[in-house]
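The values are calculated or read from the model by the stated rules, or taken from the named source; none is laboratory data. Remember, predicted model here, so these are calculated numbers, not experimental data. Cβ sites come from the backbone with ideal geometry, for glycine too, and all protein chains shown count toward neighbours. Note: accessible area is taken over every heavy atom of the protein model, side chains too, but ligands, DNA and RNA are not part of it. Shrake-Rupley method; radii C 1.70, N 1.55, O 1.52, S 1.80 Å.
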Amino acid sequence: MDYDVLDLQKKLSKIMSAKRLYHSLGVQGMSLALAIRYGYDMDKANLAGLLHDCAKDLEDEELIKECNTYNLPVSPVETRNGFLLHGKLGAYYAQHKYGVDDSEIISSIYWHTTGRPDMTLLEKIVFVADYIEPNRSVKRIPELNTIRAIAFADLDKAVTEILKNTLLYLEKQGQEIDNLTVVAYDYYRNR
Ligand code: DGI
Ligand code: FE
Ligand code: FE
């Protein structure tokens, strides 16, 4: 695939906080490593990881406004928790702002926050890489190093553990849970 990753990194560095860029570079590298492990196209994984949070530096209201502008559907849960839209809008930006025309890359960005049942290999790679990238802290997620090891042994199991942890965390925090996340966990738990 013909794509100028350095140019894209430079563009993202102008719209992202330093912290977000660092995270994005971490996910880029981790997606690449998982692609090597599971035999997926390295360039595509690299690009998907780098771009996955390209719409995250927007306030909740801005995310909703942008989705309305581009006719992207906004569910009631998403209206109440605007940040959930950064995957959907990021997928749109990847396509229309950053010139990505690969449908696998676009959908891996689209689904990276909630996951979904029966994810494609790249969707799983980005979903897992996002959680285990080196800048995530074991202080905040005690199971992180266990999940990192699992990620390189059994990708579906890593997806399952991450969904389980995420749901537990959201419950503990009293945050509203999107049914997409529940449906994804039910699928992987029973797989
Ligand atoms: O954008 P990142 O922070 O790198 O990672 P992400 O896009 O996976 O977002 C992580 C957050 O999303 C994490 O705090 C858990 C949250 N999340 C995932 N599923 C749901 C959710 N939050 C709510 N409220 N409901 C969900 O179903
Ligand atoms: Fe994200
Ligand atoms: Fe992320």
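Computed quantities for the displayed model
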read-out: Average accessible area per residue (Å²) across the chain - probe 1.4 Å, nucleic acids and ligands excluded; value: 51 Å²
read-out: Accessible surface of the chain, 1.4 Å probe, proportion on carbon and sulfur as whole %; value: 51 percent
read-out: Top of D101, D178, D130 by mean-square fluctuation, Gaussian network on the chain, Cα under 10 Å; value: D101
read-out: Environment charge at L121 (Cβ cut-off 14 Å; Lys +1, Arg +1, Asp -1, Glu -1); value: -3
read-out: Percentage of interatomic Cα-Cα distances in the stretch 141-190 larger than 18 Å; value: 32 percent
read-out: Efficiency of FRET from Cβ geometry, N68 and N135, R₀ 25 Å, rounded to 0.05; value: 0.15
read-out: Most fluctuating residue given options T114, T146, T166, as computed from a GNM of the chain linking Cα atoms under 10 Å; value: T146
read-out: Length added when fully stretched, D154-D186, from 0.36 nm per residue minus Cα-Cα; value: 9.8 nm
read-out: Max mean-square fluctuation residue, GNM over the chain, Cα-Cα springs under 10 Å, options L51, L12, L72; value: L72
read-out: Extended-chain gain in nm, criterion 0.36 nm per residue less alpha-carbon gap, H96 and S75; value: 5.3 nm
read-out: Radius, Kirkwood style, for the chain when every pair of distinct Cα atoms is counted (Å); value: 16.7 Å
read-out: Inter-label distance, nm, simple model (7 Å from Cα along the C-beta direction), L167/D118; value: 1.9 nm
read-out: Cross-link table K124/K164; K56/K172; K10/K56; K19/K164; K14/K139; K11/K139, entries beyond 22 Å C-alpha to C-alpha; value: K56/K172; K19/K164; K14/K139; K11/K139
read-out: Gain in span if fully extended, E59 to I15, counting 0.36 nm per residue against the direct Cα distance; value: 14.5 nm
read-out: Rounded FRET efficiency, nearest 0.05, which uses the C-beta distance separating D2 from E176 and R0 of 30 Å; value: 0.10
read-out: Packing-based order for 170-176, 119-125, 3-9, 181-187, using average beta carbon neighbours within 10 Å, highest first; value: 119-125, 181-187, 3-9, 170-176
